[in-house]
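Below: one structure, written as structure tokens.
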Amino acid sequence: MQNLITSYIIQARECMLAGVGRFKINDLSAKSDIINKQIAPPLLDISFVSREEKISDGLIKYVAEKKMISSTQALTDIKAWCKDAKNKLINGEDISLFPLGVLKRGPSSNIFIPNSSPAIFFGPISAERVIHQNSVHAMLVGDKETTSSKMNDYLQVEKIIKRNNTWKILAILLFVIALFFLIIHFYENPFSLSTIGNQNKITPGSASHTYLNP
């Protein structure tokens, strides 16, 4: 009976045992270990509540099918096991539910101590990260589905546009600065063709005599 109950807990993930307690199994997802290049197996988180007055209907059906007996007889056998387990716990005996863990009597109620290695069905596997430079995969951007290749092309175009816009902005800025200085120049000097070029007057010197009169 004990093996059947343990098997049912593992498969059903939840089991109520009158006078003993209630078991519930939660799955913890696998974790990657990048340093050691491994993926740890999924773990079992087993919670236990000591007070329970009912027996799971699924357990009754499971025992009846496995032992090929009626549901009434299965219920009777389960009740007998629960009563015997309760008495053993009161007397300080441990009840092993291998491979899940051990039931013990605590200071005020029953307690369950899970197996120190709950990942009993799987072990860690080797895993090394592989990066495919040119791989194409589907991805969701906002509410629109696209591919990594199209997204990469889009980002490249964005970079080119931003680079071109930078040069345009710089050219406009230089033009505005030049225009500003021109406005100041013509504001201080009335507009004429003479004001545009070099305004320093050049006076030609007298030519030296190259010959003497007789």
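The values are calculated or read from the model by the stated rules, or taken from the named source; none is laboratory data. Please read all numbers here as calculations on a predicted model, not as lab measurements. Backbone-built Cβ (ideal geometry, glycine too); neighbour counts: all protein chains shown.
Here are some notes:
- Filtering the stretch 1-27 to residues that are surrounded by 13 or more Cβ atoms within 10 Å (Cβ to Cβ), in a strand (DSSP E or B) and on the phi < 0 side of the Ramachandran plot leaves Glu14, Cys15, Met16, Leu17, Arg22, Phe23, Lys24, Ile25.
- Flag for Glu65 being in the same structural domain as Arg105 (by the TED database), of a type in the set (Asp, Glu), in contact (Cβ under 8 Å) with a residue 12 or more places away in the chain and touching a helix residue (DSSP H, G or I) at 6+ places or on another chain (Cβ under 9 Å): no
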